[in-house]
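Notes follow once the structure below has been shown.
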Amino acid sequence: MHTEQPRGTPIAVFWTRTEVEADTRSMSSTHPPFRASDGERDRAIDELKERAVEGRISHDTFVGRVDQVLRARNQNELDDLVADLPRRQSLRQRLTDAVSSVSEFTTRLQSAWRRPRLPRLALPADDRLRYVVGRGSACDLVLSDLTVSRVHAELRREGDGGWMLVDLGSLNGTRLNGWRLVGPMRVKSGDEVSFGDCGFMVTSQQPI
């Protein structure tokens with residue numbers, strides 16, 4: 001609306017507070033997010049690669065996320081694609097895992113090295129049902145090692161022809177494949193048995 005004033009008369013214009021606030025709101029606007037740069041895309045892809053190498057995301061997830069990174073329109077969309085990734089392992093955790101892996105490998109290597117050197121213990125092939133192992137002279141298998149009890153363990157034949165290994169309350173225990181017996185356990189060719197510190201590799205049935 002125009003206001004007519006006599007020629008030469010100055011015009012004074014006053015803005016009310018409401019008008020100023022309304023005008024300011026109409027002038028303000030939210031700037032759109034900046035377009036993602038190639039460097040930002042590369043960093044997002046590198047982070048996805050690291051998680052995939054660590055085995056913390058699947059191959060399909062990796063491929064799908066990379067495709068979305070290449071099509072992302074701005075930094076906000078890139079951030080959303082990596083925000084839910086599993087947290088990266090700390091240096092301490094990675095070192096701990098590495099030491100555990102080396103330790104486990106060393107244990108397996110030592111076990112594999114020892115197995116061919118163990119003396120053979122052939123499973124009996126006759127009709128007897130019970131064979132006693134111990135340090136006493138009356139045992140069927142006499143072991144002179146001091147870690148073996150006088151009456152240490154026994155082999156019992158089952159109805160199906162298999163054998164059970166039973167500890168007879170020995171002081172130093174009987175072990176089957178490294179596990180100390182707490183009850184009767186079936187034993188077969190290829191198993192490793194220990195009476196105290198005396199270890200043997202069980203072989204197929206041969207005359208005792």
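The helices (runs of 4 or more DSSP H) located wholly in the range 17-127 that include 3 or more residues which are modelled with pLDDT of 65 or more occupy 38-53, 59-71, 75-83, 91-114. Test of understanding: among Ser170, Ser189, Ser194, which residue is at pLDDT 95 or above, part of a loop (DSSP other than H, G, I, E, B) and of a type outside the set (Asp, Glu)? The match here is Ser170. Taken over the range 126-173, the residue count meeting the criterion of being buried (at least 17 other Cβ atoms within 10 Å of the Cβ), within 14 Å of Cys198 (Cα to Cα) and basic (Lys, Arg) is 1.
Looking across the range 33-48, just one residue is farther than 17 Å from Ala83 by Cβ and within 30 Å of the chain's Cα centre (by Cα), and that is Asp42. Just for the range 174-201: of the residues that are under 21 Å from Glu158 (Cβ atoms) and small (Gly, Ala, Ser), which one is surrounded by the fewest Cβ atoms within 10 Å (Cβ to Cβ)? Residue satisfying both the conditions and the ranking: Gly183. Looking across the range 153-170 at every residue that is free of Cβ contacts under 8 Å to residues at least 24 places away in the same chain and among the aliphatic types (A, V, I, L, M), the one that is nearest to Leu141 (Cα to Cα) is identified as Val166.
The values are calculated or read from the model by the stated rules, or taken from the named source; none is laboratory data. Remember, it's a predicted structure, so these values are computed and weren't measured experimentally. A quick note on method: Cβ atoms are made from the backbone with ideal geometry, for glycine too, and the neighbour counts reach across all protein chains shown.
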